[in-house]
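Following: one structure in structure tokens, then a few remarks.
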Amino acid sequence: MPKRLPKRRTLAEQVEEVVQAMLVSLQPRPEPAPHRDLGPLLAIVRELRYLPRQEFRAALKSDLQRRASVSINKGTESSAAAPAARAIHYMRPGFTSITPYIVVSGASQFIDFLRRAFDGQERIRVPLPDGKLMHAEVAIGNGVIETADANEQIPPAPTDIHLYVNDADATFDRALAAGAASIYRPTDEHPSGDRWGALTDLFGNRWYIATPKGWTPGPEGLRSVQPYLHLREAHKMILFMEAAFGAEEMGVHKSPEGRVVHATMRIGNATLEIDEAHGEYQPKPCHLHIFVPDADATYAQALGAGATSVEPPTDKPYGDRSAGVKDPFGNTWYLNTFLGR
């Protein structure tokens, strides 16, 4: 009996498979599709995959399938088509809406820790004449951490980070080997339902290392890097974020007394987590970089919600319009709108 050959997938089926993989994957760089006609189409997906609306994703898939069908009908076998139009969006390419900006003493050493512990990929480094870093960016999974060396005006600001990874145990062990100290090893007994462990690094940052098993709060799935704020009167931060940044509650869990046990808040296409400070988990005023559609309007909203000005909106030489505010809890928020240049 002749051997049955596997059914050959159509180009439209390949498009659907790749689009779905790119939209939900934790990996920052999905593998390219095997069909050469998909190259220009998938360039669009890579630019737009973090947009949050379900309607957009459905429309994108439909449009790509239509284009693939047209390509087949025309007998197109060449990849020399005109380059895909670049999407103009208020977020700088490679970022999500929320990025922690961790100020440390020894930023170069901190970057080395991120590389060794979490497979961090350095994207940019801006050194000062004395060798300290004015700015640097490190990609971890599908998220980014920004960092810089502390100075007289901006002291170190340790931050707590919830880091989603594919293997919490292996990542935890790598972090220990890179110099971190264990708080508790990954366990399946965490209330979130995730496999979850905690450790601190040499710079005072606390890392919650988790492999997702339960609820996934991100707008299109999990973000690898999520800031975690322990606050006094955390319920007031929820109100502030809603008024200042248009944040949305993705899930708020309170004790019978009304204390915020855990809350996930969404701004744009990313989330951060908060809870009521307790025990050793006390407030750490930190720096947060968020991309917003209109930095001027968000700056005004934040001031109206009770923030104080750090810097009024200004066009920056790196292509963003940027402002800074400090919230009533002592955290500094950098409000940026990418100007597309």
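The values are calculated or read from the model by the stated rules, or taken from the named source; none is laboratory data. Remember, predicted model here, so these are calculated numbers, not experimental data. No Cβ is skipped: glycine too gets one built from the backbone with ideal geometry, and neighbour counts run over all protein chains shown.
Among residues of segment 297-341 being surrounded by 15 or more Cβ atoms within 10 Å (Cβ to Cβ) and among the acidic types (Asp, Glu), the one that is farthest from the chain's Cα centre (by Cα) is Asp327. If the condition is being within 18 Å of His89 (Cα to Cα) and either not in a strand (DSSP E or B) or not assigned by TED's automatic domain parsing to the domain that holds Ile154 (or both), then segment 286-316 contributes Val292, Pro293, Asp294, Ala295, Asp296, Ala297, Thr298, Lys316. Out of curiosity, is Gly279 more than 23 Å from Asn205 (Cα to Cα), surrounded by fewer than 23 Cβ atoms within 10 Å (Cβ to Cβ) and of a type outside the set (Val, Ile, Thr)? No; evaluated as a whole, the condition is false for this residue. Can you pull out every residue in segment 236-285 that is hydrophobic (A, V, I, L, M, F, W, C) and either not assigned by TED's automatic domain parsing to the domain that holds Gly306 or not in a helix (DSSP H, G or I) (or both)? Passing the criteria: Ala247, Met250, Val252, Val260, Val261, Ala263, Met265, Ile267, Ala270, Leu272, Ile274, Ala277. The condition (being over 19 Å from Ala210 (Cα atoms) and either surrounded by fewer than 15 Cβ atoms within 10 Å (Cβ to Cβ) or under 20 Å from the mean Cα position of the chain (by Cα) (or both)) is satisfied by just one residue among Leu239, Leu222, Leu272, Leu229: Leu239. When segment 119-135 is limited to residues that are under 9 Å from Ser108 (Cβ atoms) and touching an Asp or Glu at 6+ places or on another chain (Cβ under 7 Å), the one that is surrounded by the fewest Cβ atoms within 10 Å (Cβ to Cβ) turns out to be Lys132. Restricting the first member to segment 174-200 and to residues that are on the phi > 0 side of the Ramachandran plot and in a loop (DSSP other than H, G, I, E, B), and the second to residues that are of a type in the set (A, V, I, L, M, F, W, C) and surrounded by 14 or more Cβ atoms within 10 Å (Cβ to Cβ), the beta-carbon pairs closer than 9 Å and six or more apart or on different chains are Gly179/Phe113; Gly179/Ala117; Gly179/Leu202.
Yes or no, residue by residue, for (1) closer than 18 Å to Tyr334 by Cβ; (2) modelled with pLDDT of 50 or more:
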| position | (1), (2) |
| --- | --- |
| Leu64 | no, no |
| Ser69 | no, no |
| Ala84 | no, no |
| Arg92 | yes, yes |
| Thr99 | yes, yes |
| Val103 | yes, yes |
| Arg125 | no, yes |
| Ala139 | no, yes |
| Val144 | yes, yes |
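Restricting attention to segment 198-213, report how many residues are of a type in the set (Val, Ile, Thr) and over 16 Å from Ile140 (Cβ atoms). Break it down into steps so the answer makes sense when it comes.
Of the residues in segment 198-213, the ones of a type in the set (Val, Ile, Thr) are 200, 209, 211.
Narrowing further to those that are over 16 Å from Ile140 (Cβ atoms): 200.
So the answer is 1.
All of Ala263, Ala210 fail the test of being surrounded by 22 or more Cβ atoms within 10 Å (Cβ to Cβ), touching a Lys or Arg at 6+ places or on another chain (Cβ under 8 Å) and not hydroxyl-bearing (Ser, Thr, Tyr), apart from Ala210.
Restricting to segment 102-152, what's the tally of residues that are over 15 Å from the mean Cα position of the chain (by Cα) and outside any strand (DSSP E or B)? Number satisfying all stated conditions: 22. Of the residues examined, Leu222 is one that is modelled with pLDDT under 95 and among the aliphatic types (A, V, I, L, M).
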